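Contents: one structure, followed by commentary.
The values are calculated or read from the model by the stated rules, or taken from the named source; none is laboratory data. These figures come from a predicted structure and were not determined experimentally. Cβ: placed from backbone, ideal geometry, glycine included. Neighbour counts: every protein chain shown.
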């Protein structure tokens, strides 16, 4: 099989490529990435000389290039997206263009070339849950996005479904919870906390710190996508979540501090962001019952593994914080 992976230099996309080439070494992957700030080809150093791996820099909004790349593949795995909520609040335009228009261009190319399409989305399209409720997002939860980011992803989900209903394009969708693990850009909560602790800096916590997220380890997410591609029902959406049960952001920060043997005086509460969703939780029973998927370990074990990775790979994230990582493409590919 030959896969076109969009956004493959990003956090989840690069982990997926490493996972796939390790499990299916006979398959071929084309990594199609624009290399915005969140794209880092250093994530893929271990496979860049693999004859079954190819990198193409480009924009998914480019009709001609997208169609050209789609012409020779069996499936598109669509990770490419602007995904940082704070950035979407400051400037929604790139989110509208990439997440909506880019998805449309890919769908048109998939339709023209008769290519299977898997769309990777987020639980944020469902809005928020009450902080102290036991409710979870499920297969029938209505969409209620609260930020320009989540609204753009909700729009892309609807577009993907419309191409199945209208044109019979073979699609699947996965809506995942907050991912964490190796190679995550250090502006996100968990890697930001870990790297700031290593550097002796304060850890910023929004508002009262009681915001709750469902945390999914990135390797578990990759396995879920694999199962959906291999065995999932065409036209269906699968929700993918972790094993956390109402662990607040401040509790996660305190867990990290305890594991790293640091004092809680590093915590610094900062002004809350607009439209901050209080709680997310995912009911992933459908993918468990239909495809046999479940997380392999609990949150605490994965958190320790993640901390260990960032402590051992300081050169990787320090090059991100200084901006040096953006020179890697020029050195290796130009």
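Taking the range 92-199 and the helices (runs of 4 or more DSSP H) fully enclosed by it, the elements with 3 or more residues that are under 19 Å from the mean Cα position of the chain (by Cα) and closer than 24 Å to residue 283 by Cα are at 148-167. Quick check, is residue 36 surrounded by fewer than 19 Cβ atoms within 10 Å (Cβ to Cβ) and within 16 Å of the chain's Cα centre (by Cα)? So residue 36 fits the description; yes.
Scanning the range 13-36 for residues that are part of a helix (DSSP H, G or I), under 15 Å from residue 76 (Cα atoms) and in contact with a helix residue (DSSP H, G or I) (Cβ under 8 Å, 6 or more places away or on another chain) yields 14, 16, 17, 20. Against the condition touching a residue at least 24 places away in the same chain (Cβ under 8 Å), surrounded by fewer than 23 Cβ atoms within 10 Å (Cβ to Cβ), touching a helix residue (DSSP H, G or I) at 6+ places or on another chain (Cβ under 6 Å) and closer than 20 Å to residue 313 by Cα, how does residue 47 come out, does it pass? Judged against the criteria, residue 47 is a match.
If you check 115, 85 for being buried (at least 18 other Cβ atoms within 10 Å of the Cβ) and modelled with pLDDT of 90 or more, only one passes: 115. Per the conditions (1) without any contact (Cβ under 8 Å) to a residue 40 or more places away in the chain; (2) out of contact with any helix residue (DSSP H, G or I) (no Cβ under 7 Å at 6 or more places or on another chain), the sole criterion not satisfied by residue 141 is (2). Of the numbered criteria (1) surrounded by fewer than 23 Cβ atoms within 10 Å (Cβ to Cβ); (2) touching a residue at least 60 places away in the same chain (Cβ under 8 Å); (3) in contact with a helix residue (DSSP H, G or I) (Cβ under 8 Å, 6 or more places away or on another chain), the one residue 5 fails is (1). Those residues that are touching a strand residue (DSSP E or B) at 6+ places or on another chain (Cβ under 8 Å) and at positive phi, I need them from the range 175-198; list them, please. The answer is 181, and nothing else. In contact with a strand residue (DSSP E or B) (Cβ under 9 Å, 6 or more places away or on another chain), buried (at least 19 other Cβ atoms within 10 Å of the Cβ) and assigned to a helix (DSSP H, G or I) - does that describe any residue in the range 305-314? Yes, that holds for at least one residue.
The residues of the range 68-82 include none that are modelled with pLDDT under 95 and part of a helix (DSSP H, G or I).
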